[in-house]
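Every number here is computed from the coordinates shown, using simple stated rules; none is lab data. What you see is a predicted model, and the numbers here were worked out from it, not measured in a lab. Cβ coordinates were reconstructed from backbone atoms using ideal geometry, including for glycine residues, and neighbour counts include every protein chain displayed.
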Amino acid sequence: MTYAKLFEPGRIGNLELKNRIVMPAMGCSLAEVTGEPGPRMIRYYADRAKGGAGLIITEITRVDDETGVGTPNQLSVTNTHVIGQLSRLVEAVHAYNTKLFVQLHHPGNQTPSRLIGGKQPVSASDVTCMVIGEKPRALTTEEVEGMVKKFVTGAVIAQKAGVDGVEIHGAHGYLVSQFLSPHTNKRTDKYGGSFEGRMRFVTEIIMGIKAYCGPKFPISVRINGDDFLADGITLEDAVNQAKYLEALGVNCINVSCGTYDSGATIIEPSYFAEGWKKHLSTAIKNAVSIPVIAVDNIKRPSVAEALLEEGASDYVGIARGFLADPNWGVKAKKGQDVEIRKCLGCMECFRILNDGLPLGCTLNPILGREFEYGEDKLVKDGNGRKVAVIGGGPAGMQAAVVLSKRGYKVVLFEAAEKLGGTVNLAALPPNKSMLAEFVETQRAELEKAGVTVKLNTRADVETLKECGVEAVFLATGGKAVRPNLPGIEKAVTAEDVLAGKAGVEGDLVVVGGGVTGLETAELLGKDHKVTVVEMLDKVGGNLYPSVTMHLVQEIMKQGGQVCKGKALVSVNDGSVTVKDTKTAEETEIKADTVVLAMGVRSERTGIETLCEAYGDNVVLVGDAEKPGQIYDALHSAYNKAFVFELQ
């Protein structure tokens, strides 16, 4: 497909942009401890500029070192010492004719005291963010005036480094948003009360930036189209804010929504549709004449094009799309839609950041590691030597592509009739169809890399020797766990149920409350009463909390239930016996069918024979190495293929 609107040049103020694709601000925690952009951050942003973004807005960038720390290793514009390195970031992005804005940010009450040296968080008023759970103190009038100066200083530092503009983060429940929203602004001084009072903080920041950076220096303001809180900002409020900001002379409005307290509306899990909030940006765009950027949970270029065509915004924000695939824009321009690794909405990126680690992505094993593991770092020493990959799941396909790019001649053997492995089953539950698209993307990558694929073929040593193979990557996945318990032979596995190899009837008990168990229960709960039994005190495993919560809620809406702290004792005729892990009390739960979702064990059939034939040239990847999620499989495969040396 061709996307005329998406690649139409545009303007923000006097700034010319090569297309309508904006990579909006996302925390990445890739800055140096000094707050400067080092080689890792510079490479991260440069790759997205090279990949087709017309405008990049940096991650939340700190303007206050005392109470304004949002993440570890956060970009900062609090001191002139960052100008040198920040200018190098600008140069790296400009090399691809991409423009760069710095987003000025203060978290307010949405940061824990542990990130700000144990000090009490600050806010417009002493309203606690329920997610953080720490009561803030209200800034004094004098402190607010001082905070205005810090935002302005940040803009001046950014301008001196050569950035093309700044964005004031007035959305997502952060400090500026806390002044704008009646939910958090209970002040009685000049910074509260009326609409004009709540707007005063951002007004003074804007006027200060204009005074020090000049009237032509572009300013964007990110606002919430809706707080999704009973007493928060509504769409009507947002429209009035946008009109007011335009009258102040800002050059662009960036529309988002939600706060920490309204949860998944900020960063949407997979159960949100693309474009679900387009009504917010549409209403604001219809009310102002300056450009509007909007983030609309866009995964596919066709959706971005449609939103531009219908006038939902002037620029589309492609956020996690650029995390999953840094070349999102270039591939869209070439019509290579199938080759785009499209965001799954799995929330793994956010979970990783919340753990205090640099950014990561389920589908992109290079994310955050571009400087060390980028494709330009691949040692191309394969010299046409043959390597076999046994298993066509995500790990096997990933390893095959990397090895091929390194110059090895790769043959991939898959025993089934199609590629994808258990991902084909994982794509069946509600809201998981993006996984099926990912399988097609990997298939296209194999074809482009020149990998020979042999379906319906089991590879033994004799076959491999006949092909002249010198090394083997074993990516045979895992086999469903069946514990040695009385009556376990009566149970079926979730994998067999999803694959249509086993039927279910009557009331169901799903044993295992991890991702497979919960998603299988949600799918089966449409037609059956389902009880999920999990021996741990929590369900969902490492799933992001909003995803786990959604799955549990859907199961319960369907009349099912989730039992935690219950270990399976036996499978009986028409029931299961479970034991409370704290009291050891045993109870029975009615079950016409028992579905096991208790994880997998590595499948290594034939490993001994392979090792006898190939020794140290046998490499385990994915679940064959260690059971895990798709994230683990792809990272394992990329890492092993990246460093592989024939012994």
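Here are the numbers for this structure:
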{"item": "Estimated D of the chain in µm² per second, where Rh is the Kirkwood radius over Cα pairs and Stokes-Einstein applies at 37 °C, 0.692 mPa s", "result": "124 µm²/s"}
{"item": "Per residue, the convex hull volume that the Cα atoms of the stretch 10-372 enclose (Å³)", "result": "118 Å³"}
{"item": "For the stretch 1-73, fraction of C-alpha pairs farther apart than 17 Å, in %", "result": "53 percent"}
{"item": "Theoretical FRET efficiency, 1/(1+(r/R0)^6), r = Cβ-Cβ of S113 and T452, R0 60 Å, to 0.05", "result": "0.60"}
{"item": "Nearest-20 debye value, the stretch 482-598 charge dipole, Cβ charges on Lys, Arg, Asp, Glu", "result": "220 debye"}
{"item": "Label-to-label distance, nm, for residues given as M549 and D65 (7 Å Cα→Cβ offset)", "result": "3.6 nm"}
{"item": "Inter-part distance where the stretch 11-40 and the stretch 108-126 are each reduced to a Cα centre, Å", "result": "26 Å"}
{"item": "Cα centroid separation - the stretch 213-237 against the stretch 525-543, whole Å", "result": "39 Å"}
{"item": "Global form of the stretch 144-186, assessed from the alpha-carbon gyration tensor, a/c cut-off 1.5", "result": "oblate"}
{"item": "Radius, Kirkwood style, for the stretch 499-548 when every pair of distinct Cα atoms is counted (Å)", "result": "11.5 Å"}
{"item": "Cα centroid separation, the stretch 592-631 to the stretch 304-367 (Å)", "result": "31 Å"}
{"item": "Whole-number percent relative contact order across the chain, with pairs defined as alpha carbons under 8 Å at least 6 apart", "result": "11 percent"}
{"item": "Cα-projected label distance for A247 with T581, points at 7 Å along beta-carbon direction, nm", "result": "5.9 nm"}
{"item": "Quotient of C-alpha Rg and 2.2 N^0.38 Å, computed over the stretch 350-441", "result": "1.27"}
{"item": "Computed magnitude of the charge dipole of the chain (debye, nearest 20; Cβ of K, R +1, Cβ of D, E -1)", "result": "1320 debye"}
{"item": "Top positive-direction residue, dipole computed over the chain with Cβ charges, set G503, L518, V148", "result": "V148"}
{"item": "Alpha-carbon spread of the stretch 323-396, three principal axes, descending order, Å", "result": "42, 32, 27"}
{"item": "Largest-first principal axis extents, alpha carbons of the stretch 482-598, Å", "result": "36, 36, 23"}
{"item": "Spin-label model distance (nm) - C611 vs E462, 7 Å beyond Cα toward Cβ", "result": "2.4 nm"}
{"item": "Percentage of interatomic Cα-Cα distances in the stretch 151-273 larger than 26 Å", "result": "22 percent"}
